[in-house]
1. Can you list the aspartates and glutamates whose alpha carbon sits under 13 Å from that of Lys218, skipping same-chain ones fewer than 8 residues off?
2. Going by the alpha-carbon gyration tensor, a ≥ b ≥ c the square roots of its eigenvalues, is the range 188-291 rounded (a/c under 1.5) or, if a/c is not under 1.5, prolate (a/b greater than b/c) versus oblate?
3. Among the listed pairs Lys153/Lys273; Lys126/Lys184; Lys184/Lys286; Lys83/Lys125; Lys222/Lys273, give every one whose C-alpha distance is greater than 19 Å.
4. Using 0.36 nm per residue, how much length does the chain from Glu93 to Gln166 gain when fully extended, once their Cα-Cα distance is taken away?
5. Under a crude label model (7 Å from the Cα following the beta-carbon direction), how far is Arg173 from Asp109 in nanometres?
6. Write down the percent of antiparallel bridges among all DSSP beta bridges whose residues are both part of the range 172-290, to the nearest 5.
7. How large is the charge dipole for the range 85-161, taken about the Cα centre, if only the Cβ atoms of Lys, Arg (+1) and Asp, Glu (-1) carry charge, to the nearest 20 debye?
8. Work out how much length Arg152 to Ala276 would gain on full extension: take 0.36 nm times their residue separation and subtract the Cα-Cα distance, in nm to one decimal.
Amino acid sequence: MKRSSAVIRRVVLAAAALALAAGCTPDGTGTGTPAAPPSASAGTPGATPTDAPTSDGKPPSPSATFPTGSPSGSPSTGATAPKPLLGDGDENEQVRELQARLRQLDFFDRAPTGFYGTMTAGAVKKFQARRGLPETGTVDETTWRQLLSASRKPTADELKPATTNQLDTPDPRCMTGRVLCISKESRTLAWMIDGRVVSSMDVRFGSENTPTREGLFKVEWKARDWTSTIYHTPMPYAMFFSRGQAVHYSADFAARGYAGASHGCVNVRDRAKLSALFDQVKPGDKVVVHW
């Protein structure tokens, strides 16, 4: 009898060992069901379709300067949407690279500004639709990797072109001295010294009801950080030239482009270029606003 009991005990232990090897143990929930293997929708690194080799047989490589957004700790369960790497309101060099790559693919028709607004979100949505991705308008890791595989690394000129708009023929009053030469026809500002264009950028003007005044002026005073006392909106890098009208950076222009208008000021959408210009311009320098 004792021998029979020992045999039965060995059989039970062997069956238990086989069960452990097969993964049939409780998954920690108390249900006794085996844990499901990670799937592509769970966000497990290496499981997404975008990790597949490209047409040339090479896997897509992440940007050296762009954050990968790789999750830390335990993998996602799929219940939470992928965390966006870039989205509305972001302003940095990664946004500029994003815009330059989208422009290569004809999804973004402006010079990169480095500011993520409605125009950039719209371009991202178009790219996502073309690639069969969820049209979120924000950039998650999957969107970024697909963009990398579809575009090339932007050149310095692509990241910071002289201007989106072609410069107009300078007004004769711009040909001497230090001048902010502003053309309503081409919607550009050219910083000129003795007839030579030092830098240029896109600009936006006032509406019909609040037009930007034309004529010959001079820079009266400057303020690096200024808020409108009338409209209570930020006016960084403001250079005032005509009774409250100024050249200044506009986040709205960066976001919406020519869909909007100023209250009479000359808006600039490239913050970095305007910052450099602000440091060069002095009170007393000429300002010419012309058609």
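1. Asp285
2. Rounded, because the longest to shortest axis ratio a/c is under 1.5.
3. Numbers: Lys153/Lys273 22 Å; Lys126/Lys184 31 Å; Lys184/Lys286 17 Å; Lys83/Lys125 16 Å; Lys222/Lys273 16 Å.
Violating the 19 Å Cα-Cα cut-off are Lys153/Lys273; Lys126/Lys184.
4. That works out to 23.9 nm of additional length.
5. 3.3
6. So the antiparallel bridges in the range 172-290 amount to around 75 percent.
7. That gives the range 85-161 a dipole magnitude of about 320 debye.
8. Between Arg152 and Ala276, full extension yields an extra 41.8 nm.
Computed from the coordinates by the stated procedures, all read-outs in this text should not be read as laboratory data. The shown structure was predicted, so the numbers you read here are calculated from the model rather than taken from an experiment. Here the Cβ is made from the backbone with ideal geometry for all residues, glycine too, and neighbour counts use every protein chain on show.
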